[in-house]
Structures are given as C-alpha cells and as structure tokens.
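The structure under discussion appears below in the form of structure tokens.
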Amino acid sequence: IESRNRWVNAGGAVQCTDETTVRLSAVGDGRQIDYEVTLKAPADKPVVFGDTKEGSMAMRVAQWMTPPHTFQKKKTATQGTIVNAEGIRDGATWGKQSTWVDYQGPKDGKVYGIAMFDHPKNPRHPTWWHVRDYGLFAANPFGKHDFEKEFKNDPKAGALTIPAGGSVTFRWRLYFHMGDEKTGKIAEHYQAYAAGK
C-alpha cells in the first residue's frame, strides 16, 4: 500500500508531506507489517517535531495480553509480558532504548505475541519505548527529555528538525507470532529485518 499525504494546518497551509509504504507479508507461521514513511519539509521552511513522550509508531494491544496491572483503580487478572532485546521486562521497559520490544500474552491455552522492530537506519536508533503495562505500545525517537534523566530540564532535547527542502525516513516492522520471545525467535527475526530481509 503506497500513499502520498499532505499535512495541513487549520488554515489550509501545507506544513509537510509524506510518502508512506506499508507491506504485509507472511513468514512461516508469523505475519508482519513493514511501515516506512518519508517526511518532507517544504522548500521554504523547516519542519520541527517537538520533544514528546506521546509520539511516533504506536498501537494498543488487547487487554488480555497485558501484564498484571492496576488501571483506573481496577486490578486486572491478566498474565501478559513485555520484554525488550536486553531482557528487561514489563514496566521496567518504559523509557529504555532497545532495538525491539515484544508484547505477549496467553489466551485459550496458547501464547500470542506482537514484536515491534526499530530499523537500524532510523534516526536515534535504537529508539526509546513508550510502552505501558495497560496496552500502550510505542516506539518514540522524540521523547528524550521524558526518558533520559539528564535531559529532564530540557523540554526541547528530543526535538527533531527537518531542514527546508529536506526529508527524514522512519522504518518499523510489526511481527505477529506464536509463543514467547524465545519460541517466536524474535532476536533472529530482528536480525533478518536489520539485514534487509
């Protein structure tokens, strides 16, 4: 799926454009979505993406996949797990840089997982992860002042500027699999992605 989009403000002026490609494919028992977006600044002005922990490639996972957590004062009985490439788990993955994160959980006697991969050519690779135990799952190269203690007093630390007439490209892969990160061979699938496969 290929698209070209204009980012337009309330007054109708184009702020930037993008060219986006989405590829869907099967790999053995798994399924994957490759997402690539090239953002282009107008010829006459730069584009600035501000520092925010809320930004970039994100999805919400089903509640049954989430680790046990308290959200809106109600304790869940879920048994999911979040794990990153370094083996850090659950709530401790928030704000950490990593090449990938896997969100997994059991249902009806089987374990299902969704891994998100940050491409090595992405700006600020490996990215930070805004991933929460209540189902939020996001790769975020822009939230530096929220994620890194030494930048907590610099709200512009994670800003990214595309110069006038310039562009920047981001690439991510979502990999849907059976089993945990070991059974699903997430590290191996990430290496294949990083190698262009």
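The values are calculated or read from the model by the stated rules, or taken from the named source; none is laboratory data. Since we're looking at a predicted model, the values are computed, not measured. Every residue, glycine among them, receives a Cβ derived from its backbone with ideal geometry; neighbour counts consider all protein chains shown. Only protein heavy atoms, including side chains, enter the accessible area calculation; ligands, DNA and RNA are left aside. Shrake-Rupley method; radii C 1.70, N 1.55, O 1.52, S 1.80 Å.
Side notes on the structure shown:
- The sole residue among 179, 165, 105, 143 that is at pLDDT below 95 and either over 16 Å from the mean Cα position of the chain (by Cα) or within 30 Å of residue 42 (Cβ to Cβ) (or both) is 143.
- Annotation: residue 197 fulfils all but one of (1) over 26 Å from residue 79 (Cβ atoms); (2) at pLDDT 95 or above; (3) not in a helix (DSSP H, G or I); the unmet one is (2).
- In the range 132-170, residue surrounded by the fewest Cβ atoms within 10 Å (Cβ to Cβ) [restricted to those that are part of a helix (DSSP H, G or I) and of a type in the set (Asp, Glu)]: 150
- Residues of the range 34-52 that are part of a loop (DSSP other than H, G, I, E, B) and open to solvent by 60 Å² or more (accessible area, probe 1.4 Å): 43, 44, 45, 46.
- Residue count, the range 18-50 (criterion: of a type in the set (A, V, I, L, M), farther than 30 Å from residue 189 by Cα and within 20 Å of the chain's Cα centre (by Cα)): 1
- Complete set of residues in the range 100-110 that are touching a residue at least 12 places away in the same chain (Cβ under 8 Å) and surrounded by fewer than 19 Cβ atoms within 10 Å (Cβ to Cβ): 106, 107, 110
- Condition met for residue 193 (open to solvent by less than 50 Å² (accessible area, probe 1.4 Å), hydroxyl-bearing (Ser, Thr, Tyr) and in contact with a helix residue (DSSP H, G or I) (Cβ under 7 Å, 6 or more places away or on another chain)): no
- Criterion applied to 58, 85, 10 was being under 30 Å from residue 157 (Cβ atoms), exposed (fewer than 12 other Cβ atoms within 10 Å of the Cβ) and out of contact with any His (no Cβ under 7 Å at 6 or more places or on another chain), and the one residue passing it is 10.
- Check on residue 97, modelled with pLDDT of 95 or more and open to solvent by 30 Å² or more (accessible area, probe 1.4 Å): yes
- All positions within the range 12-38 that are touching a residue at least 40 places away in the same chain (Cβ under 8 Å) and farther than 22 Å from residue 137 by Cβ: 16, 38
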